[in-house]
Amino acid sequence: MTAVLLKAMRDLRRRRLQAAVIFVTTLLAVGTGTMALTLIAQTRDPYQVAFDAQKGAHLKVAFDGRIDPGTIAGTPALIGATNSGGPYRATDVQFQSAGHKYLVTAVGRDNPGGDVGQLRIAAGHWPSSATEIALTRSFADLNHISVGDRLKVVSVPQEPVLTVVAEVVDIDELRADVGGVQHAWVPAAAIASLTAKDASFLMDYRFATDPTSAQLQARVNTLRASLPPDSVTSTINYIFVSTVFHVSTEILTGVLVAFSLFALAATAAIVANLVTGIVISAYREIGIMKAVGFTPLQVIGVFVLQILVPATAACIIGIPAGTILSQPLLASNSQALGLAYLPTLSPALDLLALAGALVIVAIAAVIPAFRAGRLKPAVVIANAAAPRGQSGRWLRRLASRASLPRPVVLGLGEAAARPGRAILTLLAIVLGVATIVVALGESRSFNKIYTYEGHIGRVDVVVVKSPALADTNATQLINAQPETRRVVAQGAATITVPGIPEPVSTLGFRGDSAALGYLLSPGRWFNAPGEVVANRGFAQDAHLNLGDTFAATVGGKALTLRLVGEVFDFTAGPGGHILMLDWSTITAAAPDLTPSSYMVTLKPGSNVDAYVKRLAAAEPDLLDVQPNSTGNTAFLTVIAGVLFGIAAVVALIAVAGVFNTVLLSTRERVRDTATLKTLGMSPRKVIGMVTTSAGFLALVGGLVAVPAGVALYRMLFDQLSSLGGNITPTSFYDVFAPWELIAIPLAGIIVAVVAAGIPGRWAARTNVVEVLHAE
């Protein structure tokens, strides 16, 4: 064993450049892999920790305000809840702050504690008077509202002013940046002065053990069956909230896992390629080793140790680095839940990452090292060098017939001289280029979702109306503006549908709603009363096909609806449901429903800013007029950063693979290079020959990688679409310009040629006399 170790260390010192290649590639691969493992194997789920600490509600139910609160207070016994909170009186409130207007659901609650749904105060103190209000921290952060700010309520004629006295963390509702109306809290006695219409009631339920989705559905069904029709107006459960909370982490983790596998595969290919090259270049040395008594296993051990030493050093640095780089995301999750950040460190996980990486590297090294172990001493000593690769002759003949320059002909032949080496190099290139294609496609698709959902390019101005302003007045003001081209009014409601456990979020449109650009796959947009479109998740859970008619109820009144299309929409969230229909359909059952917002398209050439200022000045307290935008895109920035960061890592590994291959080939053919220089080949032509070999491999790899990357991108985006209950419309795949799909492999060729320039210059400086004299 001492002889093996001594020989391996001496060879390692002689092959410092190859050792550096192994170190860098393993470092990059193991770092990304450790990040993924750390996110997957957190010792504690931060959401579950916060849920337990705050005694989160397994089920939250909103009841119609006309139901007797005493009846609602008795519902916990109906569904077997061990603890409950409420009923709390609640009402929708619109307030104005810094020129913007916001809609929240104000809940009357006199303290943040209780047996269920405790609220963690992150800043300030709990409201104690009718002029004070508490907001969720995520809502306050998103909209730049701070403790001490004064909010003017514009949804009631009195227009009271409330002071923000607290920011709280509510474990039972979605973050503000995800969507939906956020809760705010005021003393119970203050609700009456904030109510424009009938208030509702909220109840929190907690059970002895965490119920399943089926159990929660059964309990909601029990509530509905025990109370008058449409008493339950909406529900939300902890499973849905937890799923939405984890979506961003799951997306990042999925990307990290996929790209980590790519990085490890590319690293394994480079290791196998490197060991193969070392074996080929050390034929005589291997014969001498076996002649002096090295057994086949010892010969194999010498080559494997040369790889494991730099790989182990890379793991020692890369594993802690990957763990550290994963902490900011874990910290943001904890902070969003109001928890103190505790670093996630797991020695067992680090040891697993170390063992896994070394096993992969060792296997990649052992397979080609077996060739060295099987060689016969007499044969290799007699031949002095490994057989030359002959597989490139056919390519040289083709290049010669095409009358290509001689250095190009020789370089093309060298690229295919050893098929095994070429395949391993192509694997690294394909993984690197495909990863870049995936990263580019996914990041653009995420941005396209935000653009699509926000109707960017189709809607110029969004107007949100206070409940205190009549719909006719708002519509008249908007249409009176000379730049107004089209107005689509939108209102929200909930519809109860048989087979769907929770009331379905419903959007009613008045005007040319087809112009908003919603995508249908399959089906069409509604164009008559009674027709609806829904997301795929709704159609599946309600067991409906296109053309099917189904019954529904709104406010206790029956509706007959017909499904005519499946809309691509992410606003419902993972596993959620959404319906879209014409205004006449919903108002037939709910005549008092009024639009809450208006999507305005201006005439070409209109000044959007001037329009916004003029319309806002017409009713400064009752209209919130804003230019249309994609909203908060911080999540997209994080996703794009991770995607391109990891793609760059895999691309660097691919570049290292090309460099390694050219270096091996150049050193292996040093005698041929010397002979060519003797025959008159200039140093510039030598460099051209070497870089041609690398450029050809990069070209072939790019031609394979681009379609493979596009296919992989589509597969990953389809999975995201299915998570949101959708089928991806074909137009969403159109994120690559044709020139980009050409430029990406061309850029790969340029990078490969640059990487090959270093060994190319080394070959060009070869001392002819020394090389031929040594032969």
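The values are calculated or read from the model by the stated rules, or taken from the named source; none is laboratory data. None of the values given here were measured: they were computed from a predicted structure. Cβ atoms come from the backbone with ideal geometry, glycine included; neighbour counts cover every protein chain shown. To get the accessible areas, we keep the full protein, side chains included, count just its heavy atoms, and leave off ligands, DNA and RNA. Shrake-Rupley method; radii C 1.70, N 1.55, O 1.52, S 1.80 Å.
The table that follows gives values for the structure above.
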quantity	calculated
Size of charge dipole - the range 84-234 - debye, nearest 20, with Cβ of Lys, Arg +1 and Asp, Glu -1, no other charges	140 debye
FRET efficiency for Thr209 and Ala73, using Cβ-Cβ distance with R0 set to 22 Å, rounded to 0.05	0.40
Average accessible surface area per residue within the range 59-209, 1.4 Å rolling probe, Å²	39 Å²
Listed pairs Lys448/Lys613; Lys152/Lys603; Lys60/Lys197 exceeding 25 Å between Cα atoms	Lys448/Lys613; Lys152/Lys603
Rounded to the nearest 20 debye, dipole of the range 59-132 from Cβ charges on Lys, Arg, Asp, Glu	160 debye
Gln48-Leu297 pseudo-label distance in nm [points 7 Å out on the Cα-to-Cβ vector]	4.4 nm
The range 59-209 - percent of accessible surface contributed by carbon and sulfur, probe 1.4 Å	49 percent
Lys448 accessible area, assembled protein chains, probe 1.4 Å, Å²	60 Å²
Sites Ala551 and Gln719, calculated FRET efficiency, Cβ-Cβ separation with R0 45 Å, nearest 0.05	0.85
Pairwise label distance in nanometres, Ser682 with Ala648, each label 7 Å out on the Cα-Cβ vector	3.8 nm
Extension gain (nm, one decimal) between Ala514 and Gln327, 0.36 nm per residue minus Cα-Cα	62.8 nm
Long-range amide H partners of Ile456 with built H, under 5 Å	none
Integer Hz, Karplus 6.51/-1.76/1.60 couplings in order for the range 76-88, x for Gly and Pro	x, 5, 5, 10, x, 6, 7, 9, 8, x, x, x, 9
Net dipole in debye of the range 19-118 [+1 Lys, Arg Cβ; -1 Asp, Glu Cβ; about Cα centre; nearest 20]	140 debye
R0 of 35 Å, Cβ-Cβ distance Ala618-Asn111: FRET efficiency to nearest 0.05	0.25
The range 461-627, accessible area per residue, ligands and nucleic acids excluded (1.4 Å, Å²)	40 Å²
Convex hull volume per residue for the range 419-482, taking Cα atoms only, in Å³	98 Å³
Over the range 461-627, equivalent-ellipsoid semi-axes from the Cα gyration tensor in Å	31, 17, 13
Accessible carbon and sulfur surface of the range 490-618 relative to its total accessible area, %, 1.4 Å	53 percent
Stretchable slack from Ser193 to Ser129, in nm (0.36 nm times residue separation minus alpha-carbon distance)	21.8 nm
Cα→Cβ-extended label distance, 7 Å offset, between Ala20 and Asp592, nm	7.8 nm
For the range 59-209, radius of gyration divided by Kirkwood radius, i.e. Rg to Rh on alpha-carbons	0.96
